[in-house]
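Asker: Have a look at this one before I ask anything.
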Amino acid sequence: LSLSLSLSLSLTVMNGIMLAVWMTVALHSGLVSSASSGSSCTPVPNTVCTFNCPLFGPVDLSGLSGLRSTPAAQEYHAFVFSPCPGYPAYNEKCNGAAVCQYDLRHPTEEKFIFNCGLQNTVVYAPIGDETEHIVEASYTEGTGGRSSSVRLSCAKDASENSFTFTKEDPKLHYDVIIRHTEACVKPIPSKHQSETLLSPGSIVLIIASILLVMYLVGGAVYLRKSRGASGTGMIPNFLFWTELPSLVKDGALFCWEGCRSCSGHQGKHSSYSKL
């Protein structure tokens, strides 16, 4: 009866651990699936100008405020990128504008200065992957219905920094590309980042600890009530756990000697006789 009860309790514990592992794997798969299914980047709370992409992490654009484009030859219009609120605008007509267009021939004349998209209309969308961090920021509600798309990518070195206009398509919609060291993923010290999920290993350890406590407490209560056990007698399967180290040792020695025999290294400890 004692052996049957011990085997029953052992099987119960093993089943509980297997169930916990299965639940952890399922939970982790759901979390990964949920994280990878996000198709857009979202602003990070409690920050001035930071967004977070599920694919590669947070990007702080404050270092790009006031950045001016480099026009190609025979181009007369240029752009100023100011994605963050609280920074001086290029001109009063561009207050609150993320993208401001002006004429190089008349840089201070307001009739040649246009708001090409407001900061508070931004929509971030990842285009690249874990290795190539590319994000497109779209802005709308500019002067006369103007809008813009800013493709942001990380430059490994300052010598690669660039800000270029590519096309106007459709009319009054401007596409620009910014490759800059300030558009790279970097740690952002914020409350949002500290709120991380537990790792699968941590979840397994927590569940295993709970099962262990339940096994010890439940077994002790059962033995106390049914058999009147006390002291070490209240430990479930006490004899099994005390013999376990020596059983493990014997099993390891048996495997080691068996491997030595199979490999032809038979010594004085071999358990097989030569024919």
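The values are calculated or read from the model by the stated rules, or taken from the named source; none is laboratory data. Computed from a predicted structure; not experimentally measured. Quick reminder, even Gly has a Cβ in these numbers, built from the backbone with ideal geometry, and neighbours come from all protein chains shown. Quick note on the areas: whole protein, heavy atoms, side chains included, nothing else; ligands and nucleic acids left out. Shrake-Rupley method; radii C 1.70, N 1.55, O 1.52, S 1.80 Å.
Asker: Looking at 76, 87, can you tell me which residue is modelled with pLDDT under 90, open to solvent by 80 Å² or more (accessible area, probe 1.4 Å), touching a Lys or Arg at 6+ places or on another chain (Cβ under 8 Å) and of a type in the set (Phe, Trp, Tyr)?
Answerer: 76
Yes/no matrix, rows are residues, columns are (1) of a type outside the set (Ser, Thr, Tyr); (2) farther than 21 Å from residue 52 by Cβ; (3) in contact (Cβ under 8 Å) with a residue 24 or more places away in the chain:
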position: 110; (1), (2), (3): yes, yes, no
position: 114; (1), (2), (3): yes, yes, yes
position: 124; (1), (2), (3): no, no, yes
position: 135; (1), (2), (3): yes, no, yes
position: 147; (1), (2), (3): no, yes, yes
position: 152; (1), (2), (3): yes, no, yes
position: 165; (1), (2), (3): yes, yes, yes
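Asker: Mind checking which pairs have a first residue in segment 89-101 that is over 18 Å from residue 137 (Cα atoms) and of a type outside the set (Gly, Ala, Ser) and a second that is open to solvent by 10 Å² or more (accessible area, probe 1.4 Å) and modelled with pLDDT under 90, Cβ under 8 Å, 6 or more apart or different chains?
Answerer: Cβ pairs passing all conditions: 91/108; 91/110; 92/110; 93/110; 95/89.
Asker: Residue under question is residue 270, and the condition is that it be under 30 Å from residue 60 (Cβ atoms), at pLDDT below 65, open to solvent by less than 50 Å² (accessible area, probe 1.4 Å) and of a type outside the set (A, V, I, L, M, F, W, C); does it hold?
Answerer: no
Asker: Quick check on segment 150-183: of everything there that is β-branched (Val, Ile, Thr) and closer than 22 Å to residue 117 by Cα, which residue is surrounded by the most Cβ atoms within 10 Å (Cβ to Cβ)?
Answerer: Filtering first and then ranking leaves 150.
Asker: Within segment 208-247, track down each residue that is open to solvent by less than 70 Å² (accessible area, probe 1.4 Å) and among the small types (Gly, Ala, Ser).
Answerer: 208, 209, 218, 219, 220, 226, 228, 229, 231, 233, 246, listed by residue number.
Asker: Please note which strands (runs of 3 or more DSSP E) are completely contained in segment 72-155 and include at least 3 residues that are within 35 Å of the chain's Cα centre (by Cα).
Answerer: Because the criterion is at least 3 residues that are within 35 Å of the chain's Cα centre (by Cα), the strands (runs of 3 or more DSSP E) in segment 72-155 that meet it are 77-81, 123-126, 134-139, 147-154.
Asker: Is it the case that some residue within segment 184-197 is surrounded by 15 or more Cβ atoms within 10 Å (Cβ to Cβ), assigned to a helix (DSSP H, G or I) and at pLDDT 80 or above?
Answerer: No: segment 184-197 contains no residue that is surrounded by 15 or more Cβ atoms within 10 Å (Cβ to Cβ), assigned to a helix (DSSP H, G or I) and at pLDDT 80 or above.
Asker: Hydrophobic (A, V, I, L, M, F, W, C) and at pLDDT 90 or above: does that describe residue 81?
Answerer: Criteria met by residue 81.
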